[in-house]
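Notes for the one structure printed next.
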Amino acid sequence: MKDKEPFGGLAIDFGADGGGASATATPLAIAPEAPPTATGGPATIASAGDRVDTKLLIVGSGPAGLTAAVYAARAALEPVVLAGSAPGGQLMLTSDVENYPGFPDGIQGPDLMAAMRAQAERFGARLVDVDIDRVDFSARPFRIWARGTEYRAQSVVVATGASALWLGLDSETRLRGRGVSACATCDGFFFRDREIAVVGGGDTAFEEATYLTRFATKVHLLHRRDTFRASKIMIDRAYDHPKIEIHPNTAVEEVLGDAKVEGLKVRDTTTGDMSEMQLDGVFIAIGYVPNTAPFREWLEVDSKGYLVVRDETGSNIEGVFIAGDVHDHRYRQAVTAAGDGCKAAIDAERWLEAQGITEAATATAW
Ligand code: NDP
């Protein structure tokens, strides 16, 4: 996979500008520099000048988008995938992935995504590494603009994912994957018998802190205020837990360590006093943002800003399907996103067939 370098030249946007919380991964704004690159796919996609026509357009190239691409390509839909200027999704920011089935020795996140991409391309999916700019779902064909090209699609799978929020510290960015993580389920295992911290005061932080006590000898929960957003039961449980120590009014100023996390420099937000804590890891759990910006005008979102699915993978617009973390704030796993992508592709294919846009017989031939 490496020699093909499907993610070659990728510059991951860690979003760390040093100023406040920032989202990572697939920003949905057009990046002005560098022309888009397209890979894979047959030469049969109708394309006129700066317009591309396709039966199925998939937006997003994490596990949901690429699994949808594999399924749709194998059903001869010749899908076009708008993969984003930082393709591959959140797994591109992860090192060891040990909970994706089929890899008993684990796999590196970027390697897993490269393999999924190669698999989608092998069956004829065409990937274009651009961020989308604008969407018009008012009528079919649906229209999406990206870097000067208009994509017209009879159906769309939205799989743009969600991005973890980060503190925005340079040291946090530098040590990501080296003791800094935003996913306890993914990385907790690596902190067996270690002392670690979780940052945040919401349900995610409390849930992750509790989960991490399975591995860590001690979990410090650091929150910048003395009141929490988390539910009372989660807070009570954490206060009662012998392995959890809660530090209210504590803000992280710097993650310490050269090659790996060795500690944190923290500030008491009431007195301004600075101190250092020796730790082996830190989990940032200050929330997620679903990447929905270009779709909000058209697709229904819930109170937390995630897209609303109807009947498994459908949306409020017929022919527009939804897969992965862009709607799922409950599981947020690569394998659940991949499963979602599979379902969305099958639903899209059946829907296209019902509209008479594709021929029957592929829907059961996955
Ligand atoms: P929340 O927005 O609820 O909480 C985020 C926390 O992070 C807040 O305490 C906030 O502090 C803190 N924070 C935000 N930015 C920064 C920053 N730059 N520096 C330091 N701290 C920061 O997000 P969650 O992910 O916890 O929860 C999202 C939603 O999902 C909630 O509705 C929650 O109830 C739900 N959820 C439910 C679960 C369950 O029921 N099992 C599990 C997980 C989530 P401050 O309070 O000062 O703003």
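Which of the helices (runs of 4 or more DSSP H) contained wholly in the stretch 167-243 include at least 2 residues that are out of contact with any Cys (no Cβ under 9 Å at 6 or more places or on another chain) and near the ligand (Cβ under 10 Å from one of its atoms)?
203-212, 232-240
If Asp340 passes every condition in (1) buried (at least 18 other Cβ atoms within 10 Å of the Cβ); (2) more than 16 Å from the ligand (Cβ to nearest atom); (3) at pLDDT below 95 but one, which one does it miss?
(3)
Matching residues to (1) touching a helix residue (DSSP H, G or I) at 6+ places or on another chain (Cβ under 6 Å); (2) hydroxyl-bearing (Ser, Thr, Tyr):
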| site | (1), (2) |
| --- | --- |
| Thr269 | no, yes |
| Glu276 | no, no |
| Leu279 | no, no |
| Tyr288 | no, yes |
| Glu300 | no, no |
| Ile317 | no, no |
| Ala338 | yes, no |
| Gly341 | yes, no |
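Considering only residues of the stretch 321-337 that are within 16 Å of the ligand (Cβ to nearest atom) and assigned to a loop (DSSP other than H, G, I, E, B), which is surrounded by the fewest Cβ atoms within 10 Å (Cβ to Cβ)?
First pass over the stretch 321-337, keeping only residues within 16 Å of the ligand (Cβ to nearest atom): 325-333, 336.
Remaining after also requiring assigned to a loop (DSSP other than H, G, I, E, B): 327-333.
Details: His327: 24, Asp328: 21, His329: 16, Arg330: 9, Tyr331: 13, Arg332: 19, Gln333: 18.
Only one residue tops the list, namely Arg330.
For residues that are in contact with a Pro (Cβ under 7 Å, 6 or more places away or on another chain) and either outside any helix (DSSP H, G or I) or modelled with pLDDT of 95 or more (or both), tally how many sit in the stretch 87-121.
Within the stretch 87-121, residues that are in contact with a Pro (Cβ under 7 Å, 6 or more places away or on another chain) and either outside any helix (DSSP H, G or I) or modelled with pLDDT of 95 or more (or both) number 5.
For the structure I just gave you, tell me whether Thr270 is assigned to a loop (DSSP other than H, G, I, E, B), within 12 Å of the ligand (Cβ to nearest atom) and among the hydroxyl-bearing types (Ser, Thr, Tyr).
On the way: assigned to a loop (DSSP other than H, G, I, E, B): yes; within 12 Å of the ligand (Cβ to nearest atom): no; among the hydroxyl-bearing types (Ser, Thr, Tyr): yes.
Here the answer is no, as Thr270 does not meet what is asked.
Return the pairs, sorted by first residue and then second, in which the second residue is away from the ligand (no atom under 16 Å from the Cβ), the first residue lies in the stretch 316-332 and is of a type in the set (S, T, N, Q), the beta carbons are less than 9 Å apart, and the residues are 6+ apart or on different chains.
Asn316/Trp298; Asn316/Leu299; Asn316/Glu300; Asn316/Arg310
Take the residues in the stretch 282-299 that are in contact with a Ser or Thr (Cβ under 7 Å, 6 or more places away or on another chain) and either without any contact (Cβ under 8 Å) to a residue 40 or more places away in the chain or under 30 Å from Lys265 (Cβ atoms) (or both); name whichever of them is farthest from the ligand (Cβ to nearest atom).
Taking the candidates together, the pick is Phe283.
Residue check: is Arg143 open to solvent by less than 50 Å² (accessible area, probe 1.4 Å), among the basic types (Lys, Arg) and at pLDDT 95 or above?
Against the criterion (open to solvent by less than 50 Å² (accessible area, probe 1.4 Å), among the basic types (Lys, Arg) and at pLDDT 95 or above), Arg143 does not qualify.
Do the conditions hold for Gly257, that is, is it touching a residue at least 60 places away in the same chain (Cβ under 8 Å) and either within 12 Å of the ligand (Cβ to nearest atom) or under 19 Å from the mean Cα position of the chain (by Cα) (or both)?
Working: touching a residue at least 60 places away in the same chain (Cβ under 8 Å): yes; either within 12 Å of the ligand (Cβ to nearest atom) or under 19 Å from the mean Cα position of the chain (by Cα) (or both): no.
Taking the combined requirement at face value, the residue does not satisfy it.
Can you tell me which residue within the stretch 148-189, out of those that are within 20 Å of Lys265 (Cβ to Cβ) and of a type in the set (Val, Ile, Thr), is surrounded by the most Cβ atoms within 10 Å (Cβ to Cβ)?
Val180
The values are calculated or read from the model by the stated rules, or taken from the named source; none is laboratory data. The structure displayed is predicted, hence computed values, not measured ones. Heads up, the Cβs are rebuilt from the backbone with ideal geometry, glycines too, and the neighbour counts pull from every protein chain shown. Surface areas here come from the heavy atoms of the whole protein model, side chains and all, with no ligands, DNA or RNA. Shrake-Rupley method; radii C 1.70, N 1.55, O 1.52, S 1.80 Å.
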